Each structure stands twice: as structure tokens, then as C-alpha cells.
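The values are calculated or read from the model by the stated rules, or taken from the named source; none is laboratory data. Because the structure is a prediction, the values reported are computed rather than measured. Positions of Cβ are generated from backbone atoms using ideal geometry, with glycine treated the same way; all protein chains shown enter the neighbour counts.
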Amino acid sequence: MVRLDDELARLAKQYESFAMRQAEPTSPRYKELCLHVAQSRMLLRFIAGLPMERQQPNLFLAAVRTVGGVPNGAEALDEVIGQHGGMVREVMLTRTTQTNEPARCAVFLPVLASLPQPLALLEVGAAAGLCLLPDKYAYDYEGIKIGPSKPGPVSAPVFPCSVNQAAPVPRHNVDVVWRTGLDLNPLDIQCAGDMAWLRTLVWPEHRDRADRLEAALNVARADPPRLITGDLLTDLVSVAATAPKAATLVIFHTAVLNYVAAAAEREKFAAIVRGLDAVWISNEAPGVFPELAKQAPRQPSPELFFLLAIDGKPVGWTGPHGQSIHWFA
Ligand SMILES: C[S@@+](CC[C@H](N)C(=O)[O-])C[C@H]1O[C@@H](n2cnc3c(N)ncnc32)[C@H](O)[C@@H]1O
């Protein structure tokens, strides 16, 4: 049995690491709050009282914000938990981290544009489906601008993405004829509660991301992508079978497989995708597929902590919110 002190020490490390490695560059507020959690026995005990898969900093902070807004410091955070801990706990038990970052399309586009068109897109872990609309967004790769493939009824968000010289920046958008998302719990873009949660998952200082999220939601509302409730291990094959045969089937995922705790299950998923007649694009933390990550060169900077891979071969390091690509293939 794990002793409470060991459990609290593990959590303190997790929150400190989140503060220093993830929040530090762009969210002074989250950094401050997570460092406070890491040294507060009261907060650590509160988080330790939740199931392990519900203890992540992103989930905790979004739940706190749902109940009491963004705490303006350590004291305010203590107050929310002291006075409304039950409500925060309830949110953490009913919601999961489902950040849907449409700007991640900017790291997929170079790969998608290099494939035979048209495309059939199947996203695993799609949340609200915003990454299923790459052809409907606009991009700015350090001055190389790409618009939506067809003019739409609402104005498209523009995703800026910094690139190194080796990155195969596309010159045109892609032709998508079919798109479907699979998720354990798809978020409904018509549901106010789901959308409030989605907005709360954007970190407090990230106003550009929040604005682009609204613009992407407007695009999605004009023509919502098809989302199917299901598990990536049990339902992928049947969903893939519904894709049109005349298009290149692309199965892709980003920021999903870290939620599949067992390495054996992640490997099982990889084997399922490899067994399908599809191009497989993965954009995940390197720890998700350690064998694949071993083939990649060192991360050029700590901020590029997603690994982009095509059919199991790493091709680039990317910013976690789609803001940069360091291509090395
Ligand atoms: C952090 S969100 C990422 C959403 C989207 N891929 C993006 O990058 O914007 C992770 C999503 O994966 C989904 N997910 C986690 N485990 C899953 C599983 N076993 N099967 C299907 N979806 C899963 C969650 O419900 C959640 O919506």
C-alpha cells in the first residue's frame, strides 16, 4: 500500500514539474498556483483524495476556475478549496481534461498537404472536433499564409506557427471529403455547459488562444463535424470502415494517448492503426511511445514537447498548442 506521505510527495513533484516545465513559459498564474499546491499539505491532501486519473493540474485548475474564477494568488486558491472544496471535487469527478486546441491543425497541415488528395480524416480523441477542420482554417507559417480551401460563411481563425528551415511548409490547404471524430465523451458545441468547460481549459493568460477558440467554434457551428462516442481501443476499426474508399484515410491524434495509462494498451492501439489501410499521424508527448521517441533527435527546446510521427516514424518536435514545428525527418 502506498503511504500517504509518499503519495503527497509524488503529487508535489507532479505539480512542481507542471509549474516549471509547462506553465512557466506562458502562464505565470498557473506557475504560481501549482508551486503553491506543491508545498501545501492541505491542497495536496485534497488532490490525493481523488482517483489518480483525476489528479492532473489542468483538471484541478479548471475545476477551481469553474467554481471560483481564476484565483489571484495562493491565498485565494486556499480559500476556494477551504470553502468550496466539495464543489471543486464534484467538477473534477464529472469532467475530464478535454482541451480542444484547433491550432494543432498547423502542425498536421504539412503532413496532410503532402498526401494524395482528397482526404478522409478520422481523429481519435477529438473532444469537440475542432482539429477535424484543418481545411476551414487559415495559417501563417512565418509569413507564408494559407487560407481555407473554400470560402466559408464565417471568418476563419488564423493560426500562427513558427517553423525551422527543414519544415515542409505547405503552399495550399487540403481537400477533405469526409471527417469523423471518435471520443469517449465528445463535447457538444451546442451545449452551453460543454462550451463553458472548453473555454475554462484555456489557460488564463492565453487570450489569443481563447479568441481563436471562439473563431474555430463559429466555423464548427456552421458545419459541425460528425463525432462518435467510443473508445480508441474497441471502436476505431468499425468507424474506419465507414470512410469512403476513394479518399486517403488519415487516422490522427494529438494530446490523447497520455490519457491511456497502460503502455500495453497504447501499443495495442498502435497495432490496430497499423493494421488499417490508413496513414497514421501521431502528435503526442514522447513518453507515450518511448520506442518511437528513441529514434528522434534531442528536443531542440523544452517548449517543443510533442513528437510528430507519420506511420510510426518521428518527423518533428512541435509546440503543444500547435505554435511551432521543428522538422528533422
Ligand atoms: C486533451 S483532449 C485532446 C483533444 C484534441 N485531440 C485536441 O488536441 O484538441 C483528449 C481527448 O481524448 C479523449 N480520450 C481519452 N481517452 C480516450 C479513449 N480511450 N478513447 C477515445 N477518446 C479518448 C478525451 O475524452 C478527450 O476528449
Requiring at least 1 residues that are more than 14 Å from the ligand (Cβ to nearest atom) and touching a residue at least 60 places away in the same chain (Cβ under 8 Å), the strands (runs of 3 or more DSSP E) wholly within the range 98-153 are 119-124
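Results for (1) surrounded by fewer than 12 Cβ atoms within 10 Å (Cβ to Cβ); (2) away from the ligand (no atom under 14 Å from the Cβ); (3) outside the structural domain of residue 113 (by TED's automatic domain parsing), shown as yes or no for each residue.
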residue: 264; (1), (2), (3): yes, no, no
residue: 283; (1), (2), (3): no, no, no
residue: 290; (1), (2), (3): yes, yes, no
residue: 303; (1), (2), (3): no, yes, no
Which members of the range 23-41 meet the condition of being in contact (Cβ under 8 Å) with a residue 60 or more places away in the chain and surrounded by fewer than 21 Cβ atoms within 10 Å (Cβ to Cβ)? 25, 26, 27, 28, 29
When the range 249-259 is checked residue by residue, the ones that are crowded, with 18+ Cβ neighbours inside 10 Å and within 12 Å of the ligand (Cβ to nearest atom) are 252, 253, 254, 255, 256, 257
So for the range 42-58 (the condition being assigned to a loop (DSSP other than H, G, I, E, B) and exposed (fewer than 14 other Cβ atoms within 10 Å of the Cβ)), does at least one residue qualify? yes
